[in-house]
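Some notes on the structure that comes next.
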Amino acid sequence: MASGLLLDLWKNHRPGNGFARKPLRPSIAAVAVVLALTVGYGPVRLYQVEGNLQPGPVIAVIQPDVPLTGAMEGDYDGGQLLRELKAMSEEAALAIPPPQLIVWSEAMNVWPLRNPEYFEQPFAESLFPEIATAGIDLPREEFIRLWDARRAGLRSEDAALRMWVQELGIPLLFGQDTRLPSTGEGQPVFERYNAARLIRPPGNDLLERQYKVRIFPGGEYVPGGRERFQPLARLSAHFSDYLDSIHEIRPGSERERFLLHPPAAAPSTAPDLPFVVSICAQILCPKSSGVFDYSEERPFHVTIASEGRFLRNRAQLITYMSQPFRAIEARSAIARSANTGISGFVAPTGALYGQVTNADGQYRTGLGFAEQAAIERFQERARTFAENPDCRAAGCSPSLELVERAVEIRRIRAEAGVSGFSVARIDISPHGTLYQRIGDVFPRFALLMLGLATLAACIQPQRA
């Protein structure tokens, strides 16, 4: 309307005579009224929302800082990452009041955990094609023995995590690279999913998961299948490496509804609180973020992300600053845990608070991949030692030097990034929004009317 008014002003301008104001008065009045209502509606509704908020659960979000690049993923200690996450969670659990839910970030390539369906599968060549391409020449019986030993270790790690959650006494939500068995061309294969998994105390074998519903091309799958791009891959080594780095992740089909049980000290009449989970960039889109799901039950939202690819640059703000829109659209609080991103909370009014910060109070530094040079030096020395088997006999101490270089990497990473935890209470709004019920009806109607008006202007006969 404002743009149309400006166009009318331009068309009605008479050189030397100013504007022909009289015919524009209704348009000016209409635009002024609409702008006043638009500007005034937001503050009034936010004031009403703030007056009706109810205290919700206390949640702890844990933020690791692991930049993800081809230069260092293979050398990062996943076991150390798990120990750091547990240590931060145990410290967060001491908060007063204690958290009712602990949230870790989305799964990463260095993540040490695997899902039960994966490690419970017996050995089959089609399930582990990477063995066939590794040039390993062993009898099948030896492969079976090695895999049985490996899956026994994975089973033990999963049981240890469930036992740790039971001892902590607080439910844990975390991202997990999930591989489910399927049948392809008569042979068993794994289908890969990006999932969020919830473990409750006491630990049990019930698998509560949300699979990522919206999968993004170019990062999680190749549109049309990677086979059609193989001829191009042969022409460019860089494109071939890029194609190989894309994992074929399958989308989930349904939105899961999780329930957060009240703490033991709560009254027996305290209800379970529903919540939904979005993974990574799903938060950018209302439908994939869960804004329209279970709106009548008034769930709160949890979002997990791994933004190590951004290497602490300004792209961290893309998914973070979309959260206030989702919170206002759903009138729902959001708790967010992001690796190498920005973690914290969003109120149903869109207010951002409780960010994980470093010692200087920063929730993002913008320092980029500061540890890259140290990692490259580490890798160079590691290759040197590997190529000189007589190094130990010559009196050098590779293990000690590499440990010192690893300590240097961690020091630089700690100074450049942000890792830690934040514990805060979120508020619950008892009322939903009109947007949840009608979606994008208004903008679609406006787009339709604009199209009709444009069509009418195009076919209107020209006046002589």
>> Six or more apart or on different chains, Cβ atoms under 6 Å: show the pairs whose first residue is in the stretch 222-235 and closer than 11 Å to E248 by Cβ and whose second is among the hydrophobic types (A, V, I, L, M, F, W, C).
In response: V222/I246; R226/L243
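From the residues in the stretch 411-464 that are charged (D, E, K, R) and in contact with a strand residue (DSSP E or B) (Cβ under 6 Å, 6 or more places away or on another chain), which one is surrounded by the fewest Cβ atoms within 10 Å (Cβ to Cβ)?
Going residue by residue through the stretch 411-464, those that are charged (D, E, K, R) are 411, 413, 415, 425, 427, 437, 440, 444, 463.
If we keep only those that are in contact with a strand residue (DSSP E or B) (Cβ under 6 Å, 6 or more places away or on another chain) as well, we get 425, 427.
Working: R425: 15, D427: 20.
That would be R425.
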>> When the residues of the stretch 239-265 are narrowed to those that are in a helix (DSSP H, G or I) and of a type in the set (G, A, S), which ends up surrounded by the most Cβ atoms within 10 Å (Cβ to Cβ)?
In response: S240
> In the stretch 308-327, which residues are touching a residue at least 40 places away in the same chain (Cβ under 8 Å) and hydrophobic (A, V, I, L, M, F, W, C)?
Replying inline: L311, L317
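Residues checked against (1) modelled with pLDDT under 85; (2) in the same structural domain as V423 (by TED's automatic domain parsing):
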| residue | (1), (2) |
| --- | --- |
| G4 | yes, no |
| D8 | yes, no |
| P15 | yes, no |
| A36 | no, no |
| V61 | no, yes |
| L68 | yes, yes |
| D75 | yes, yes |
> Looking only at the stretch 30-47, which residues are surrounded by fewer than 12 Cβ atoms within 10 Å (Cβ to Cβ) and more than 26 Å from A351 (Cα to Cα)?
Replying inline: V33
> What number of residues within the stretch 163-207 are assigned to a strand (DSSP E or B) and either without any contact (Cβ under 8 Å) to a residue 24 or more places away in the chain or under 15 Å from W104 (Cα atoms) (or both)?
Replying inline: 14
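Quick check on the stretch 208-220: of everything there that is in a loop (DSSP other than H, G, I, E, B) and of a type in the set (K, R), which residue is nearest to the chain's Cα centre (by Cα)? Explain how you work it out, then say what you get.
Of the residues in the stretch 208-220, the ones in a loop (DSSP other than H, G, I, E, B) are 212-216, 218-220.
Pick out the ones that are also of a type in the set (K, R) and you get 212, 214.
On the way: K212: 10, R214: 12 Å.
Going through the qualifying residues, I end up with K212.
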> Within the stretch 359-369, is there a residue that is buried (at least 17 other Cβ atoms within 10 Å of the Cβ), part of a strand (DSSP E or B), modelled with pLDDT under 95 and not hydrophobic (A, V, I, L, M, F, W, C)?
Replying inline: no
> Tally time: how many residues in the stretch 266-308 are surrounded by 14 or more Cβ atoms within 10 Å (Cβ to Cβ) and assigned to a helix (DSSP H, G or I)?
Replying inline: 11
> Taking S337, is it farther than 21 Å from P217 by Cβ and out of contact with any helix residue (DSSP H, G or I) (no Cβ under 7 Å at 6 or more places or on another chain)?
Replying inline: yes
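For residues that are exposed (fewer than 14 other Cβ atoms within 10 Å of the Cβ) and not charged (D, E, K, R), tally how many sit in the stretch 79-104. Working first, answer last.
Step one: list which residues in the stretch 79-104 are exposed (fewer than 14 other Cβ atoms within 10 Å of the Cβ), which gives 79-80, 83, 87, 94, 96-97.
Going one step further and asking which of them are not charged (D, E, K, R), we end up with 79-80, 87, 94, 96-97.
Count: 6.
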> If you go through the stretch 176-198 one residue at a time, do you hit one that is in contact with a Phe, Trp or Tyr (Cβ under 8 Å, 6 or more places away or on another chain) and surrounded by fewer than 13 Cβ atoms within 10 Å (Cβ to Cβ)?
Replying inline: yes
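The values are calculated or read from the model by the stated rules, or taken from the named source; none is laboratory data. Bear in mind that the values here come from a model prediction, so they are computed numbers and not experimental data. Every residue, glycine among them, receives a Cβ derived from its backbone with ideal geometry; neighbour counts consider all protein chains shown.
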